[in-house]
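The values are calculated or read from the model by the stated rules, or taken from the named source; none is laboratory data. The model shown is predicted, which means the values in this text are computed figures rather than measured ones. Don't worry about glycine lacking a Cβ; one is built from the backbone with ideal geometry, like all the others, and counts go over all protein chains shown.
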Amino acid sequence: MSGTPLLSLLASGFVLGWSVAWPPGPINAEIARRCLAGGFWSGFGLLAGACAGDAAWALLVLLGVGVAFTGPRMQLALGVLSITLLLGLAAVFLRGAWRAARGTARPAAARFDGRRASFLLGMTLALTSPWNAAFWLAAIGRPELTQHGAGALLAMVAAIIAGALTWGLVWSGAVVGLRRHAGGAGARWWDVLVRTATAALMLYFAQASARALLGG
């Protein structure tokens with residue numbers, strides 16, 4: 001196989017990974033909150049976990065199993081799991097915002113914002129998303145792509161994930177940079193604002209997911 005088709009797959013994969021990673025969503029919102037709470041690697045770790053979950057979905061699609069997850073019952077089951085997780089996160093962040101506002105935030109929250117917890121949460125968000133199977137079927141499961149072979153498709157998957165990770169580097173770095181410019185005087189209220197805004201976004205995406213599952 002010539003190098004030109006492979007280079008084209010890699011380029012299109014990278015652009016696709018970037019384009020699907022940057023729009024506002026629960027993962028980007030939580031990356032921002034974690035960068036503010038635990039630093040760059042805490043936030044970036046969430047995206048790394050999400051990419052690991054995406055890699056698992058991509059592997060299922062390449063193995064021909066991914067189509068099984070696009071059926072109505074499986075979509076409903078994954079949707080319920082995703083919505084439950086989003087609502088749970090919203091509750092955690094609202095409670096954290098309330099405690100931060102009262103000056104009674106507990107040190108245990110640091111464990112939740114640690115790197116390992118970030119990675120596991122990111123992976124869970126990706127694995128429970130009912131639309132990830134559909135995305136990967138659209139990205140690498142199209143009939144016209146099968147002619148390139150499994151090796152080229154794996155390279156495209158790597159390019160998609162590389163694009164998403166590159167966006168994560170940019171986004172995490174930008175959030176940390178903004179936090180440093182904000183200064184430390186209003187750090188507590190900044191924390192309250194970010195936690196509350198993140199909770200609101202989680203609630204918004206939970207209801208949007210519920211409406212999508214219910215058909216409108």
Legend entry - Hey, G114 of a type outside the set (V, I, T), exposed (fewer than 12 other Cβ atoms within 10 Å of the Cβ) and at pLDDT below 80 or not: no
Inset, instruction - Quick one: in segment 127-149, of everything that is of a type in the set (G, A, S) and out of contact with any helix residue (DSSP H, G or I) (no Cβ under 8 Å at 6 or more places or on another chain), which residue is modelled with the highest pLDDT? - result: A138
